[in-house]
Amino acid sequence: MSNWQFEDMGDFGDDAAAGRWAKRNNVDPSDVRISRKGDGVRLEIRRSALGDSGRRDDDLRDGRRTGW
């Protein structure tokens, strides 16, 4: 079990959709965690990849949470 903390980026229809989103947003695959949730998957990104405070100017969390 790792001691990494992850930030929820949202739910996607499948692994491929979550992976495409991470790639479009230049997230390193080693910073991504994808887990099953109901009929889809949940994408989480390691908090340290988002910056020291867990937030940054181009914060990836807001777009997915607000539905763009």
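The values are calculated or read from the model by the stated rules, or taken from the named source; none is laboratory data. This one's a predicted model, so the numbers in the text were calculated from it and none came from an experiment. For neighbour counting, all protein chains shown are included, and Cβ atoms are generated from backbone atoms with ideal geometry for every residue, glycine included. To get the accessible areas, we keep the full protein, side chains included, count just its heavy atoms, and leave off ligands, DNA and RNA. Shrake-Rupley method; radii C 1.70, N 1.55, O 1.52, S 1.80 Å.
Some points to look at:
- Residues of the stretch 32-68 that are open to solvent by 60 Å² or more (accessible area, probe 1.4 Å), modelled with pLDDT of 90 or more and either under 13 Å from W4 (Cα atoms) or not in a strand (DSSP E or B) (or both): R33, D39.
- Hits in the stretch 2-14 (condition: surrounded by fewer than 15 Cβ atoms within 10 Å (Cβ to Cβ), among the charged types (D, E, K, R) and more than 15 Å from D31 (Cα to Cα)): D14
- The stretch 3-31: number of residues that are under 15 Å from A49 (Cα atoms) and in a loop (DSSP other than H, G, I, E, B): 7
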